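Visitor: Below is one structure. I have some questions about it.
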Amino acid sequence: MTATGGGTLRLRAAVEDDLPAIAALYAHEVRENVATYEYEVPDEAEMRRRWREIVGRGYPYLVAELDGRFAGYAYASSYRTRIGYRWTVEDTVYVAHDVHGRGVGRALLQRLIEDCAALGFRQMVAVIGDGSNRASVVLHERLGFTLAGVFPGIGRKHGRWLDTVQMVRPLGNGDRDEAPAEDVPGLG
């Protein structure tokens, strides 16, 4: 696959050896930006624990490489813990700053959508920290997400109140089909 602006883009399942790069990218986001409302940078051991929990529950966790270099990551996880939400996932996408605008985020999110649909999930929710993050909102819109709501001033980081945008996208047939009560997609 070729990324916008040239280069060879490869998507694959994340492996343990990717965790230092994943942790470094996330650390930058925690310290400098507001895509996450986390204040303290989790260490690599904590990032490993989180990764193991996500993949151990059957959710996809992807890495992008651009010309053989780590370029970003994405994963799906439970939107909420209550059983009634078991067909809904939340997406997370982070792209290395030096490759923004080159199609990495779009490729990661598109693949995540496909993988989650194949696992039987029916809805994907984007929880976008800071409503002014137009790049994330536009990325999600381009891949079929619609605005579900804005929570004004729900978070605080770097000395200011922040909105949170929630967007939703159907997967497969979305909520048009009846889901069997005993089925837990991708998780069992």
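The values are calculated or read from the model by the stated rules, or taken from the named source; none is laboratory data. Model, not experiment: these values are computed from the prediction. Don't worry about glycine lacking a Cβ; one is built from the backbone with ideal geometry, like all the others, and counts go over all protein chains shown.
Visitor: Of the residues in the range 95-106, how many are under 12 Å from the mean Cα position of the chain (by Cα) and either buried (at least 21 other Cβ atoms within 10 Å of the Cβ) or at pLDDT below 95 (or both)?
Guide: Taking the range 95-106 first, the residues under 12 Å from the mean Cα position of the chain (by Cα) are 95, 105-106.
Adding the requirement that they be either buried (at least 21 other Cβ atoms within 10 Å of the Cβ) or at pLDDT below 95 (or both) leaves 95, 105.
Counting residues in the range 95-106 that are under 12 Å from the mean Cα position of the chain (by Cα) and either buried (at least 21 other Cβ atoms within 10 Å of the Cβ) or at pLDDT below 95 (or both) gives 2.
Visitor: Which strands (runs of 3 or more DSSP E) sit wholly inside the range 10-98 and have at least 2 residues that are farther than 30 Å from Asn173 by Cβ? Break it down into steps so the answer makes sense when it comes.
Guide: Values: elements: 61-66, 69-78, 88-95.
Result: 61-66, 69-78.
Visitor: Sticking with this one: Restricting the search to the range 107-118, which residues are in contact (Cβ under 8 Å) with a residue 40 or more places away in the chain and not acidic (Asp, Glu)? Full working, then the answer.
Guide: Our first condition is that a residue be in contact (Cβ under 8 Å) with a residue 40 or more places away in the chain; within the range 107-118, this holds for 107-108, 111-113, 115-117.
Matches in the range 107-118: Ala107, Leu108, Arg111, Leu112, Ile113, Cys116, Ala117.
Visitor: Right, here's the next one. Can you name the residue in the range 119-166 that is part of a loop (DSSP other than H, G, I, E, B) and in contact (Cβ under 8 Å) with a residue 60 or more places away in the chain and, of all such residues, is surrounded by the most Cβ atoms within 10 Å (Cβ to Cβ)?
Guide: Taking the range 119-166 as the starting set, the residues that turn out to be part of a loop (DSSP other than H, G, I, E, B) are 119-122, 130-133, 143-145, 158-159.
Checking which are in contact (Cβ under 8 Å) with a residue 60 or more places away in the chain leaves us with 119-122, 130, 133, 158.
Values: Leu119: 17, Gly120: 16, Phe121: 24, Arg122: 20, Asp130: 20, Asn133: 17, His158: 11.
Here the answer is Phe121.
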